[in-house]
Structures are given as structure tokens and as C-alpha cells.
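This report concerns only the one structure given below.
Just so you know, all these numbers are worked out from the coordinates, no wet-lab data involved. The structure displayed is predicted, hence computed values, not measured ones. Using ideal geometry, Cβ is built from the backbone for each residue, glycine included, and neighbour counts are taken over all protein chains shown.
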Amino acid sequence: MKINITNHPIKSWVVLLVILGTLGGSQKIKASYNFQVEQQEVFNQYKGKIIDSNTKKELVFATIAIENSNISTVTNSEGDFSLKVPKNMEEVTVFISFLGYKTKTINLSDLKDTTLKIALETAVTALSEVNIVVPNNAELVVRETLRNKGANYFEFPTLMTAFYRETIKKRKKNVSLSEAVVNIHKTSYSSKQTDAVELYKARKSTDYSKLDTLTLKLQGGPFNTLFIDLMKYPEYVFTEETIPLYTYTFERSARINEQLIYVINFVQKEKTPNQLYKGQLFIDAKHKILTSAIYELNITDRENAARMFVKRKPAKANVYPTAVAYRVDYREKDNKWYYGYSNVMLEFKINWDDKWFNSVYSMTCEMAVTDWEKNVGKNLKGREKLRKNIILSDEAVGFSDPDFWGEYNIIEPEKSIESAIKKIQKQIKKNKIGGTVAALKP
């Protein structure tokens, strides 16, 4: 059975790339300042690759963090990372972590070899010790988990405060970065009503001079991260039609935050004539609750993939994604689970008809919920709702509202999103977002 993936809803919401045309000469826009991390006289850059110690498979979205600091990064779709660290932080410790794996500790100086591969070992739990039976049908576990969303996740409307960030890079160079604080009017997990978002504060920094003759923009803004909430929007990946098109296998069990977790792999079946997904689901073994998911688009037809993600492009350029990866994490409060964090990564190439070389770009967006409360019943008016096709970099005008951002007056792409949240939480508390959200919790 063939499914028309080009009409799949994920195409509508996760449209990551917009090439708005060529810019020439005086039309090029330059940023009001350069990114702090590009000041090479101040920072050292360290590179490496994170892999599974047994399978040698690259680990996507593994975290690399400096001890006692807010400096961190994540690996890309090939397991590679680039970490920029101030030169005065030479004798420091680096933590490498990934869901279901043992955290590894190394010295920063060990990363100076750019070919270094860092292998992580799986954190395996012996199931016999806890009297848990290995599931003999992983697909049934996935189906049961999807059915349980009404019982295990928020059943009431929720008003969430979230911090959102999106980055565009040319190879390893930062080109554009936008940040925003948003209110998410999230409906019940058992409701088919779509979540609404309102923009509270936003800002950007862009250096188009690094983009050759192109302007690259990311369409969808916070919706790119919000709509990969698999438990709220399972139809974007798992439908009654597509569930049988995957092969599901039980890989291992692990303890994460004192919970016994099944790690279930899913991969598109070989003879399926569609571009679907492959990845891992982290499911609570006892209650069948999805706690995290890491997956990627299985790009088997790059022209079709380009039609899914490229909105507009120059006539003399072929643009196609080389990798599209997703991560979503859930949090628990009072025995109920809710969307807490997500990350979307797109890597793509531009081949020019009249050039010998190609250009490599990456786009990343992530969003973290910082606080939530039961919705008091406020209905957003049409003009208050963020459009699902929003281009955030167009909505944010430079460093608008300096009183809100306060001393946090430099966008620091290599620092964690948690660091950004901590720096502005006082301003969010003082402004009482929407007049209803309580003080942020660190």
C-alpha cells in the first residue's frame, strides 16, 4: 500500500527551509554585531564524534557539556560535534551523555585531536533482577503506549511558558540566531484541538554576509518544535496506515531517573515505497509511557525530500536535505506527563549549476518549557495567535526591548538553552507573562 507522503501533515508544519531568493551587492544585510563565539582570539574550538561502543553507530543529539559551566552542545545527525570554549578554560572536565548510556568524563585537552571518536557504553539493566519480562512484540508495546495518552498525560488545558531558539549555520559558522519567549496554550492530550502559541518577546542577530548570495530563513518558528510532540500529534509519524510499515525491535532496557525504560527501535520496512522515519522510543516499562523519542527522516528520495522542506529556491541551484532529525522529551508532575523539550535539526546542501563547489548549511531549533499552570480559560484572539507559517527572524527586530533582556545582551549560541532561561527568568517573572503565569522555576 502506497501512502501519499507529500500530503502528510508533517510537511505543513515542519517546513524548515525557506530560500527567499538572491541578494546582490548593496542589498546584503549585515548584523549590528558579530557573534561572540566567532571571535577566534577568545575561543578555542574542539571537535569529535560520539558513537555507540558496541555497534559503532553515531549517536544523534548526544550532549557535550563543560563541568561547572553553561557551555554545551549536541551532536549532529552524523554524531559529530563542535564545541567552542573560552581560552581561559583549558584545564576543565567535559561530560558526554546520551539517553540510556553511561555518562563519560574526559579532559578538555583530550579533544584537541579532531579525529577523536568517543564511545559510550549502554546502561543496561538486567531484567531478571527486577522481574520484568522482555516484550516479545515491540509493536504492541508502541500501540499500547499511543493508546494510553489520555490516561498518562495532561487531560486538562495548560498554559505553558517556553523559551525557543533557532540557529542557522554555514558549515560551522553561525549566520543567524533568533530567540523568543512564548506562551503555549496547550490543549488536553486527548483532545484533537491544535495547540495555539502567542509570541511574548523575540530578538535576533543575523550576519547575511556569510551566506554567499542567499538569504536563508526558517519557516514555522516554535511550531517546528511543538508539533514533534508525538503523544499529542502521533499522526505526523504513527497512523493506523503507517504503524504496520515499520519494523519494531526491543533493543535493551535502561534505568533513567529511577525508571525502568524499554528502548524500542523502529525502522521503515525495506520495500515500503515511502520516506518514513527511523529511531528509538524510550517507553516506561511498567506504565507504557513515552518518556523520550529520538528519530530521523529516512531519506530515500532526495528530490521528494526537497519538495517537503524547500519552500523557494534560486533557479540555478539544487537544494536538498541530507539529514532531518528530531528529539522530544517529556516531564512528569503528579503522575502526569507533558511535553518538556524538543529539538529539530536539518542539514542540507546547495549545488550550483555554475559552480564547482557546493554549500553546506544546517538549521537547528529547540524549545524548552520553563513553567506551566492549568489554563484559566483565556481564549486567544486571531491576532494574538502566532501563525503556523511564521518566520521568526522576520518578526524579531534586532535586540528589541533591551529592558526585558537586561544584562543578557549577547546571544551566545554555544551556551545551553538552560543557561539562557536562567539569565532571563527574573524578567519573565517581573512581567508576569500574559498576567497569568507564575514565577519560573530554575
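Side notes on the structure shown:
- Between the amide H of residue 252 and those of 263, distances stay under 5 Å, these residues lying 5 or more places away or on another chain, with hydrogens modeled in the peptide plane.
- In a DSSP loop and with at most 16 other Cβ atoms within 10 Å, the trypsin sites (Lys or Arg not before Pro) in the range 280-359 are 286, 311, 312, 316, 355.
- Between residue 353 and residue 286, the modelled labels are 6.3 nm apart [label points 7 Å from Cα along Cα→Cβ].
- Within the range 266-383, the ratio Rg/Rh, alpha carbon atoms throughout and Rh by Kirkwood, equals 1.10.
- For residue 227, distant residues with modelled amide H under 5 Å away: none
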